Every structure is written in C-alpha cells, then in structure tokens.
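Undergrad: Quick one: structure below, then a few questions.
Nothing in this text is a laboratory measurement; each read-out follows from the coordinates by a stated rule. Nothing here was measured: the structure is a model prediction, and the numbers come from that model. A quick note on method: Cβ atoms are made from the backbone with ideal geometry, for glycine too, and the neighbour counts reach across all protein chains shown.
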Amino acid sequence: MERTASSRNDRASAPRRNPDKDYRAEKMKERGIGIMKHLAIAAVLFSFLAMSCAHRPSPVSSPSSATSFQPRLIVLASDSEQIPQMFSELIGKAGEASAGDPAKSEDETEEGEGKLVTIGDPLEPFNRAMFQFNDRLYFWVLKPVAQGYNKVVPEVARVSVDHFFANLRFPIRFVSCLLQADFGCAGTELGRFTVNTVWGLGGFLDPASNKQLDIPKRQADLGQTLGVYGLGPGFYIVWPILGPSSARDTAKIVGDYFLYPVSYITPWYQSLGVRTYEEVNDTSLSIGDYESLKEAAIDPYVALRDAYAQYRQGLIGATKGNKAAPPKPGGVGLGESGR
C-alpha cells in the first residue's frame, strides 16, 4: 500500500506535458530545418557558379594579339561611351560567323592576324536552353548578391581577396605547366607563389607584379594542356550552372577540382562556403561585363560562344608561342578560368 501511494504521489508531482507546447516546438524545429535546406540549395548554386569562372570567354582576335587584350568591358551608359575596339571587332566577327554555314560541325582555326576561331555546335538547341537558364541565374541570384557585397566591402579589400584566391590556385597552374613540359612557366609560377605567400601576407598582396620583380602572371589548366598536345576542342557545350565549355575543356573540371586546395576543406559545407564567397567576390569586380556583351551583340549566345572559342585558342596559342597568356576574361559568371 505504501508503495502504491508513493507511485501515485510521484505521478502527481511530475510536471505535466503540454501537448500544444510540444506541437509548437516540433513545428519550429521543422521550420528551422526547412530554412537550412533552402540556404544549402542557394549555397550549392553559388558554388557551381564559382566553378564556372573557368570557362568565361574573352574576346581575342588571334593568339598573336592575346597580350594586348583588355579583360574588362565597359558598360554602355551613354552614346559617348564605347565598347573596347577588340570587343567590337569580335561581335562583328561573331555575326559573320553566325551568318555562315550552320551545318559545319568541324572546328575551324585560321592562323593569322584577325582571323576568327569557331567551334562546332551540334548541340545548339540544348546549349541555347542552358544559356537562358544560366542567364537567369546570373541576373536573379549572383548579380544581386555581388552588388550588395560590392556596397559593403571596399574595392581594395575585394582586390586583395582576389589575389589570395589566385595565389591559392597555384597547384592547378604549376602542375599544368609541368604536364606541358613548360618548365619556364612552372618556375615562374613557383617564384610568384613563393614571393606572394612570404612577402604578400599569404597571397593577399601581389608583390611579385611590382616593377622591381615583375614576375609575369601565367594562366594554365588541364584543358589548355590537352590543347597544347594537339587535342582539338571538339564540340561546344553549355553546362547548366557551370557555363560555356567544350568536350576537351570539360575534362579540366575534374582535374582542377582535385588540384584546388579548397576542395579538401572539411566538412563539405565549409568548402562550399569558401567557393561561394570566392565567386561572389570575383563577380563583384566584373559587374557590367556580361551586360555589355548582351547590349552590343545581335545574338548574345553566338557572341559568347565565339568569344569563348577565341579565348581558349588564344590561351593555347600563347603557350605554344611562349607568350604571356590572355588576361582573365570578364563576363557572366559562367565559367572558371585559371585565375
């Protein structure tokens, strides 16, 4: 009897659970999980856009003119402002190419000054659909975030961050130079990395480019390496989120992933966050480039396709001719370069 009375007293003294309170707590938990899922999806989109900078095209009229091309385009605010001459010429050539034989599927490369490099486009319907998809991602997601970041962070800080990530991509360029048997390029990359890491505060500064040292910047990746050994670009393809590429340059995505130190940050979402921040910072320094292309081109898809082919051919041609590589091109954040 005493034991029964004691158990009754324990049940009476125990706090009663409130079903309404438990229900609200469960709902709050589900809502929090839903918010985290949406943030994760947004982070994935930005991460894929970050990987896409590798393919952003730059209008280069020929490999021999790669050293003189200016990477940034000017947004047209009035009739008095003009697009750089090299870009205007490329747009004109893109129009001429699109008016030619659309049935061509073989790559055409004309050596010589001012000649246009074209690439086969047998997947044009798919590519145009992906171009529109990536275009919306840029204007609806990446650009607004980059503009907000642009207003908060001063340009000098954003440039320093860009230097840091460029320095961090040293393994991609160094290994690619070695695979090309270009030991001069490898030595230059090693010298730049050492100077900028030691005297450039871990890469946030770029003392290797000052007048005293003047160690030139090089661009090299695994897709370029395959091109140096004679492998053609194959056909043009626009990957969703990743952007403009070719059959050859698609292979570089996997290789560059394993050579980039950020890929080894754990857990995975921290690596994703770093890539997201890298792309937002990079885009904040080139807002207006893609808009200029769309304003100037009759068919932005054709202009972007031919500009991509020009840039990649110019990069390979500069490597074969032992010349400085074309600068990192501007444009929509749909492709990753050798940074």
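Undergrad: Which whole-number value in Å³ per residue fits the convex hull of the alpha carbons of the range 129-181?
TA: Working: hull volume 5.6 nm³, N = 53.
That works out to 105 Å³ per residue.
Undergrad: Here is a follow-up. Taking each pair of different alpha-carbon atoms in the range 124-227 once, compute 1/r for the pair, average those values, and report the inverse of that mean as the Kirkwood hydrodynamic radius in Å to one decimal.
TA: Working: mean 1/r = 0.0623 Å⁻¹.
Evaluated over the range 124-227, this radius sits at 16.1 Å.
Undergrad: Could you give the length gained on full extension between residue 270 and residue 198, defined as 0.36 nm per residue of separation minus the Cα-Cα distance, in nm? Working shown, then result.
TA: Details: separation 72, 0.36 × 72 = 25.92 nm, distance 2.56 nm.
The span from residue 270 to residue 198 would gain 23.4 nm if fully extended.
Undergrad: Moving to a separate point now. Given 4 °C and 1.567 mPa s, how large is the Stokes-Einstein diffusion coefficient of the range 158-298 in µm²/s, with Rh as the Kirkwood radius over Cα pairs? Don't skip to the end; give the middle numbers.
TA: Values: Rh = 16.8 Å.
It diffuses with D of about 77 µm²/s by this estimate.
Undergrad: Right, something else. Mean separation of Cα pairs under 8 Å and 6+ residues apart, divided by the residue count of the range 181-325: what relative contact order is that in percent?
TA: Taking the mean separation of contacting Cα pairs over the length of the range 181-325, I get 19 percent.
Undergrad: Among 311, 290, 229, 277, rank each residue by its count of other Cβ atoms within 10 Å, from fewest to most, as a rough exposure measure.
TA: On the way: 311 30, 290 24, 229 10, 277 16.
Arranged by neighbour count, lowest to highest, 311, 290, 229, 277 become 229, 277, 290, 311.
Undergrad: Any chance you could list P(r) for the range 181-233, counting all Cα-Cα pairs in 5 angstrom bins from zero, rounded to whole %?
TA: 4, 19, 23, 19, 13, 11, 7, 4
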